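What follows is a single structure, written as structure tokens, with notes after it.
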Amino acid sequence: MADAIYRKYRPKTFADVTDQSHVVTTVSNQLKSGSVSHAYLFVGPRGVGKTTIARLLAKSVNCEKRKTGQAEPCNECSACVSIGSGSCLDVAEIDAASHTGVDHVREGIIESARFRPSSAKMKVFIIDEVHMLSASAFNALLKTLEEPPEHVLFILATTEAHKIPETIISRCQRFDFRRVPAESIAKCLKDICKLEKIEVDDDVLSEIARRSDGALRDAQSMLSQVFALGSKKITMDEASLVFPANDAKMQFALLNAISANDSALAIRLLNEYSDSGVDIADFTEHLQNIVRDILFIQLGGLEQFRGKYDSASEKELSKIAEKFERNVLTSFLRALPSASKNASNSAIPQLALELLILDVLNGSSNNKNFSADDDGGGPANSSGGSDLSNQNAEKQEKQKKPESNANPRPRLGSAPASPRLDRG
Ligand SMILES: [Zn+2]
């Protein structure tokens, strides 16, 4: 099912591609003017449309009905249909991760490239994860790229361009693909919901978009998991069943507490998350990303991660950024990696982060330097309100007992915005 949605809604024309307009425009213009290159390098994160555009290009150059001055494939002629179904012998999709050796490149690609296509106009080699090829395989490929036969088109795709020899890169026309902005992903998902006649709340779609981190393919497979719940109208409450418990709302609530200097609230929130089954190591790592983004906002670099959050979250982050003192932020950021590491090794996963929060807030009032201690035991001068420290110590004692692990995972949206301090 997850794959089915992705395949079903894979764009059949350049006009249907979500985002990547800089690539689509240039490639379309080349098709229109008949100036398609012999080798392309598509660089970018996974799931953002590299192989989708590669296949569209393979179709368009081979389309029997495409007229001069047009870019789109007709999707009806035998070339378009066979390429669309993956049965065209002249269009080869090679996963370099599983064929890294020089022999395969020689036989499967270089030898084959010498012969004219059997039925299509052009032989197209789409080599995915091309950075996985061995050095000798790259050398063999380079010879063909230096003098490509007229009837051959190479489309190399990679998530890691720095692993590709400069000699190969210089022979290709390079396009850098971007993460798809959250708003574009949400819109694309909404269109799919309409076509599938399934009503999904907007905040669910925004949450999927945020979680997919710019990878449309991941967003589509999350949407199909949501569809699989079987309901015709899906709310956040239902959808939360398929999301792992690590919600940005939790991170935002915690950061709000820290930026307001409220260590008692921050630590209570953290313990509630932990009690409800949140993976604290994962949470801390995610927190680190968000804190880094807040720093970018303070530096005036909102553009750095434009599209990573939906507009409501962007506003929320900007508000948090206004409240944070710069030195608190940088110290927090510096110490978070070791808190994250300690969380996975500690009997009390949240302990390192608790101490870090206390140190940060103590540091901001005393203007001291601090860092999360590697053994999980922080400096003795932490102060976060004496009554809280006692409560917390009791709580941690309790958590060492096995029965406290029996808590179910929380549902999304159940993150407490302002828990009462007299509980627990
Ligand atoms: Zn066609």
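Things to note:
- Candidates Lys59, Lys65, filtered to the one that is within 16 Å of the ligand (Cβ to nearest atom) and either touching a residue at least 40 places away in the same chain (Cβ under 8 Å) or part of a loop (DSSP other than H, G, I, E, B) (or both): Lys65
- Single unsatisfied condition, Lys197 versus (1) touching a Leu at 6+ places or on another chain (Cβ under 7 Å); (2) on the phi > 0 side of the Ramachandran plot: (1)
- Among the residues examined, Ser78 does not qualify as within 12 Å of the ligand (Cβ to nearest atom) and crowded, with 17+ Cβ neighbours inside 10 Å.
- Residues of the stretch 259-283 satisfying the condition of being at pLDDT 90 or above and open to solvent by 10 Å² or more (accessible area, probe 1.4 Å): Asp262, Ser263, Ala264, Leu265, Arg268
- Restricting the search to strands (runs of 3 or more DSSP E) fully inside the stretch 78-183 and requiring at least 2 residues that are among the aliphatic types (A, V, I, L, M) and more than 30 Å from Asp202 (Cβ to Cβ) gives 91-95, 123-128, 152-158.
- Condition met for Arg7 (outside the structural domain of Met122 (by TED's automatic domain parsing) and open to solvent by 60 Å² or more (accessible area, probe 1.4 Å)): yes
- Tally of residues being in a helix (DSSP H, G or I) and either within 16 Å of the ligand (Cβ to nearest atom) or of a type in the set (Val, Ile, Thr) (or both) across the stretch 7-56: 16
- Identity of the residue in the stretch 129-146, touching a helix residue (DSSP H, G or I) at 6+ places or on another chain (Cβ under 7 Å) and among the small types (Gly, Ala, Ser), that ends up most open to solvent (accessible area, probe 1.4 Å): Ser136
- Evaluation of Leu358 against the conditions (1) surrounded by fewer than 23 Cβ atoms within 10 Å (Cβ to Cβ); (2) assigned to a helix (DSSP H, G or I) shows that the sole unmet condition is (1).
- Verdict on Leu195 being closer than 28 Å to Arg292 by Cβ and either open to solvent by 30 Å² or more (accessible area, probe 1.4 Å) or at pLDDT 85 or above (or both): no
- The residues of the stretch 19-56 that are within 15 Å of Pro148 (Cβ to Cβ) and without any contact (Cβ under 8 Å) to a residue 24 or more places away in the chain amount to a single one, Ser35.
- Considering Arg66, Arg46, Arg106, Arg114, the condition of being open to solvent by 50 Å² or more (accessible area, probe 1.4 Å) and within 26 Å of the chain's Cα centre (by Cα) is satisfied by Arg46 alone.
- Among the helices (runs of 4 or more DSSP H) confined to the stretch 232-343, the ones with at least 1 residues that are among the acidic types (Asp, Glu), farther than 26 Å from Val200 by Cα and touching a residue at least 60 places away in the same chain (Cβ under 8 Å) are located at 263-275.
- For the stretch 81-99, residues that are within 31 Å of the chain's Cα centre (by Cα), within 11 Å of the ligand (Cβ to nearest atom) and under 20 Å from Val152 (Cβ atoms) total 1.
- Residue in the stretch 161-181 that is buried (at least 17 other Cβ atoms within 10 Å of the Cβ), out of contact with any helix residue (DSSP H, G or I) (no Cβ under 6 Å at 6 or more places or on another chain), within 25 Å of Val27 (Cα to Cα) and charged (D, E, K, R) present: yes
The values are calculated or read from the model by the stated rules, or taken from the named source; none is laboratory data. These numbers were taken from a predicted model, which means no experiment stands behind them. For neighbour counting, all protein chains shown are included, and Cβ atoms are generated from backbone atoms with ideal geometry for every residue, glycine included. These accessible areas exclude ligands, DNA and RNA; they are computed on the full protein's heavy atoms, side chains included. Shrake-Rupley method; radii C 1.70, N 1.55, O 1.52, S 1.80 Å.
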